[in-house]
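Trainee: Got a structure for you, written out below as structure tokens; questions coming shortly.
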Amino acid sequence: MAGLLQRIQRAKRTPFHAMTPAEARKLYEAGAEVLEPPRAPLKRVENLTLRGADGQALAARLYCDAPGTPPALLYLHGGGFTIGSLETHDSLCRQLALRSAGAVIALDYRLAPEHRFPTAVDDAWAVMRWLAGQGGAALGLDARRLAVGGDSAGGTLAAVCALHARDIGLPLALQLLITPGTVAHADTPSHKLFANGFLLEAADIQWFFDHYIDHHHRRDWRFAPIEADVDDVAPACVILAECDPLVDEGLAYADKLRAAGVAVELELYRGMTHDFIKMGRALKEAGHAQAAAGAALKAAWARMQDTP
């Protein structure tokens, strides 16, 4: 990981916070899969058009290599609510589909600053409800065994989806939270310790947040799920990186879930930075984390299948 960081620093890439959102999206998309293995071939990869809460058409993509009527994971990509797309997380979603033996539906939720908080939340909620209703059956999926997951900002959205599912009486098999953001103001010790030189920079985090949400709204649990009551939410698999500004808030959220009696599987990858799970070409730990995510999904879906 240290050698990889040195190579990235030598490349002298312009930081996201020094760009416009449009420029940052292009740069991220161009380099997002450079460190990932080639996109795995699957039996089924379909581009979809789904609907947000206000009826807006949203791009999505279905990945599946399993026979029959498989369970499904709604996946929400990272990128600070400002960058990221179906293309930046295509390889990861294929790996999750392969390793879980289920289907993955990746959603291209709307991004800031064009669409500020809570648009991304509303998009994720609307698609989750649709999949749990008529949507899953329409796609040939087992809508009774639905999970939500995501990385970074997508992990925040997944945690918030799990809270919403509880509130509307929708049982979820699992919430898969990969290096999620959970606190309001990026003020934990790890944000200071890993502020610079560890891939995700403090200035970039501030840039993302400023584009997405006003400062006085940041204690809203739809942005900072640690502010919510987490009783009776879905079981969680939490995957964290030791050298990540977000690691403390990920640990704190896992602790809060456990204190509320929620089953939590916690995987902390030593020496890794934010976004490591998308660096499988360079880091064996990325493959280990993907395998852990796949195993957690398999186990959660099996438990739900066995429940009367």
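The values are calculated or read from the model by the stated rules, or taken from the named source; none is laboratory data. Model, not experiment: these values are computed from the prediction. Positions of Cβ are generated from backbone atoms using ideal geometry, with glycine treated the same way; all protein chains shown enter the neighbour counts. Heads up: the accessible areas ignore ligands, DNA and RNA and are worked out on the full protein's heavy atoms, side chains in. Shrake-Rupley method; radii C 1.70, N 1.55, O 1.52, S 1.80 Å.
Trainee: Taking a cut-off of 17 Å, what percent of all Cα-Cα pairs in segment 47-95 are separated by more than that? Show your work: numbers first, answer last.
Mentor: Working: 536 of 1176 pairs.
Across segment 47-95, Cα pairs with separations above 17 Å total 46 percent.
Trainee: Specify the angular offset, from 0 to 90 degrees and rounded to the nearest 10, of the alpha carbon long axis of helix 284-306 from the longest principal axis of the alpha carbons in the chain.
Mentor: Once rounded, one gets 20 degrees.
Trainee: Next up: In square nanometres, what is the average projected area of the Cα convex hull of the chain? Intermediate values should be presented prior to the final figure.
Mentor: On the way: hull surface 57.1 nm².
About 14.3 nm², averaged over all directions.
Trainee: Can you check what the net charge comes to around K278, using other residues whose Cβ is under 15 Å from the Cβ of K278 (Lys, Arg +1; Asp, Glu -1)?
Mentor: Working: positive: R39, R94, R99, R281, K284; negative: E29, E33, E36, E87, D90, D151, D244, D275, E285.
So the environment of K278 carries a net charge of -4.
Trainee: Starting at 0 and stepping by 10 Å, how many percent of the alpha carbon pairs of segment 121-224 end up in each bin?
Mentor: That works out to 14, 40, 27, 15, 3, in percent per bin.
Trainee: For the chain, take the longest principal axis of its alpha carbons; what is the angle in degrees between that and the long axis of helix 90-100, to the nearest 10 within 0 to 90?
Mentor: For 90-100 against the chain, the angle is about 50 degrees.
Trainee: Give, in nm to one decimal, the length gained when the segment between A195 and R39 is fully stretched (0.36 nm per residue of separation minus the Cα-Cα distance). If you can, show how the numbers build up before the last one.
Mentor: On the way: separation 156, 0.36 × 156 = 56.16 nm, distance 3.18 nm.
Result: 53.0 nm gained on full extension.
Trainee: Which value in Å does the Kirkwood hydrodynamic radius of segment 218-308 take, with 1/r averaged over all unlike C-alpha pairs and then inverted?
Mentor: On the way: mean 1/r = 0.0692 Å⁻¹.
Final number for the Kirkwood radius of segment 218-308 is 14.4 Å.
Trainee: For segment 16-65, what size does the Cα cloud have along each of its three principal axes, sorted from largest down, in whole Å?
Mentor: Dimensions of segment 16-65 along the principal axes of its Cα atoms: 39, 37, 10 Å.
Trainee: How tilted is helix 119-130 with respect to the longest principal axis of the chain? Cα atoms for both, answer in degrees (0 to 90, nearest 10).
Mentor: 20
Trainee: Using 1/(1 + (r/R0)^6) with R0 = 22 angstrom and r between the beta carbons of R219 and E114, what's the FRET efficiency to the nearest 0.05? Spell out each step's value before the answer.
Mentor: Numbers: r = 24 Å, r/R0 = 1.09.
Efficiency computed from Cβ-Cβ geometry: 0.40.
Trainee: Also, quick follow-up: How far apart, in nm, are the 7 Å Cα→Cβ label points at T14 and D229?
Mentor: My value for the distance between the label points is 4.8 nm.
Trainee: Here's another thing I want to ask about it. What value in Å³ per residue do you get for the convex hull of the alpha-carbon atoms in segment 135-291? Write out the running numbers ahead of the final one.
Mentor: On the way: hull volume 20.5 nm³, N = 157.
Looking at segment 135-291, the number lands at 130 Å³ per residue.
Trainee: Give the separation of the Cα centroids, segment 193-212 to segment 156-189, in Å.
Mentor: If we compute the Cα centre of each part, the gap is 20 Å.
Trainee: A further question follows. How large are Rg and Dmax for segment 64-172 when calculated on the C-alpha trace, in angstrom?
Mentor: 13.2, 41
Trainee: Set the Förster radius R0 to 41 Å, insert the Cβ-Cβ distance between R51 and A2 as r into 1/(1 + (r/R0)^6), and round the FRET efficiency to 0.05.
Mentor: Numbers: r = 45 Å, r/R0 = 1.09.
Efficiency for this residue pair is about 0.35.
Trainee: A202 to I168: FRET efficiency via 1/(1 + (r/R0)^6), r the Cβ-Cβ distance, R0 35 Å, to the nearest 0.05?
Mentor: On the way: r = 36 Å, r/R0 = 1.03.
Efficiency, from the Cβ-Cβ distance: 0.45.
Trainee: Which semi-axes, in whole Å and largest first, does the equivalent ellipsoid of segment 25-115 have when worked out from the alpha carbon gyration tensor as the square roots of 5 times its eigenvalues? Walk me through the numbers before you get to the answer.
Mentor: Values: eigenvalues 100, 64, 16 Å².
Working from the Cα gyration tensor, I get semi-axes of 22, 18, 9 Å.
Trainee: Still on this structure: Net charge near G55, counting Lys/Arg +1 and Asp/Glu -1 over other residues with Cβ under 13 Å of its Cβ?
Mentor: Numbers: positive: R51, R110; negative: D54, D122, D123.
Its environment carries a net charge of -1.
Trainee: Quickly work out the L27-to-A263 label distance, labels modelled 7 Å from Cα along the C-beta direction, and quote it in nm with one decimal.
Mentor: 4.3
Trainee: Further question on the same structure: What is the local net charge at H288, summed over the other residues whose Cβ is closer than 12 Å to its Cβ (Lys, Arg +1; Asp, Glu -1)?
Mentor: Working: positive: R99, R270, K284; negative: E267, E285.
Cβ neighbours under 12 Å give a net charge of +1.
Trainee: So, one more: Per residue, how much accessible area does segment 44-200 have with a 1.4 Å probe, in Å²?
Mentor: Values: 4780 Å² over 157 residues.
Accessible surface, normalised per residue, equals 30 Å².
Trainee: Only bridges whose two residues both fall in the chain count here: according to DSSP, what percent of them are antiparallel, nearest 5? Before the final figure, lay out the partial values.
Mentor: On the way: 13 of 37 bridges.
Once the DSSP bridges in the chain are tallied, antiparallel ones form about 35 percent.
Trainee: Also, quick follow-up: Per residue of the chain, what 222 nm ellipticity follows from adding -39500 (n - 2.57) for every DSSP H run with n ≥ 4, rounded to the nearest 500? Walk me through the numbers on the way to the answer.
Mentor: Values: 9 runs with 110 residues, N = 308.
Counting only the DSSP helices, I get -11000 deg cm²/dmol.
Trainee: Continuing with the same structure: Quick one: what do you get for segment 182-257 if you divide its Cα Rg by 2.2 N^0.38 Å?
Mentor: On the way: Rg = 12.9 Å, N = 76, 2.2 N^0.38 = 11.4 Å.
Segment 182-257 yields a ratio of 1.13.
Trainee: Of K192/K256; K26/K192; K12/K278; K192/K284; K256/K284, which pairs sit farther than 24 Å apart, going by alpha carbon to alpha carbon?
Mentor: Over 24 Å Cα-Cα: K26/K192; K192/K284; K256/K284.
Trainee: If you don't mind, there's one more thing I want to ask. Ordered by residue, what ³J(HN,Hα) values in Hz, to whole numbers, does segment 28-37 give under the Karplus form 6.51 cos²θ - 1.76 cosθ + 1.60, where θ = phi - 60° and Gly and Pro are x?
Mentor: The phi angles translate into 5, 5, 5, x, 5, 10, 4, 9, 9, x Hz.
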